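The structure appears below as C-alpha cells.
The values are calculated or read from the model by the stated rules, or taken from the named source; none is laboratory data. Bear in mind the structure is a predicted one, so any value in this text is a computation, not a measurement. All Cβ positions, even for glycine, are placed from backbone atoms using ideal geometry, and neighbour counts span all protein chains on display.
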Amino acid sequence: MVIKLDFTDDEMKDYLLRTGKYKIISVKCMESDGFWSVSESSVEVAYRIGDTETEDWLANIGVPIKHVFDWVSISGVFTREIKTKLLN
C-alpha cells in the first residue's frame, strides 16, 4: 500500500529547520533542457548540522549538474525524515 501526502517546499523546509537537525543552503548548479541549452541556477539543499564531510563537499564541488544534489534535496531529506519518524 502506498500513502501519498503532499507538502509544499516551504512546509518541508520549515519542518526540517524546526527539528534543529538540518541546515538549508542554496548551491549553484547547471540545468540542461536535455538538448543544447544549459543554464546556471541554484538549488536549495539540506544536510545535517555537524556533517562536516557533506558541508565541505558542498562548499568545494563547483558548479555541477542539478541531479548531483538529489540525495540532499529538500524533498528527499524530508521524505527520509518523515518515514523514519512514522516507522519508529
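Candidates are the residues of region 59-88 that are polar (S, T, N, Q) and within 28 Å of Val2 (Cα to Cα); the one that is modelled with the lowest pLDDT is Asn88.
Restricting attention to region 29-69, which residues are β-branched (Val, Ile, Thr) and closer than 21 Å to Asp9 by Cβ? Can you show your working first?
Within region 29-69, the subset β-branched (Val, Ile, Thr) is 38, 43, 45, 49, 52, 54, 61, 63, 65, 68.
Those that are β-branched (Val, Ile, Thr) and closer than 21 Å to Asp9 by Cβ: Val43, Val45, Ile49, Thr54, Ile65, Val68.
I need a count of the residues in region 66-88 that are in a helix (DSSP H, G or I), under 8 Å from the mean Cα position of the chain (by Cα) and buried (at least 17 other Cβ atoms within 10 Å of the Cβ). First the steps, then the outcome.
At the first step, the residues of region 66-88 found to be in a helix (DSSP H, G or I) are 66-72, 74-87.
If we keep only those that are under 8 Å from the mean Cα position of the chain (by Cα) as well, we get 69-72, 74-77.
Okay, now just the ones that are also buried (at least 17 other Cβ atoms within 10 Å of the Cβ), so 69, 72, 74, 77.
Summing the residues that are in a helix (DSSP H, G or I), under 8 Å from the mean Cα position of the chain (by Cα) and buried (at least 17 other Cβ atoms within 10 Å of the Cβ) in region 66-88 gives 4.
Reported count of residues in region 1-25, each being exposed (fewer than 10 other Cβ atoms within 10 Å of the Cβ) and either modelled with pLDDT of 95 or more or under 22 Å from Lys66 (Cα atoms) (or both), is 4. The single condition among (1) surrounded by 15 or more Cβ atoms within 10 Å (Cβ to Cβ); (2) in a helix (DSSP H, G or I); (3) in contact (Cβ under 8 Å) with a residue 60 or more places away in the chain that Thr54 does not satisfy is (3). Within region 1-16, no residue that is on the phi < 0 side of the Ramachandran plot sits with its Cβ atom under 8 Å from a residue that is among the charged types (D, E, K, R) and in a loop (DSSP other than H, G, I, E, B) at 6+ positions apart or across chains.
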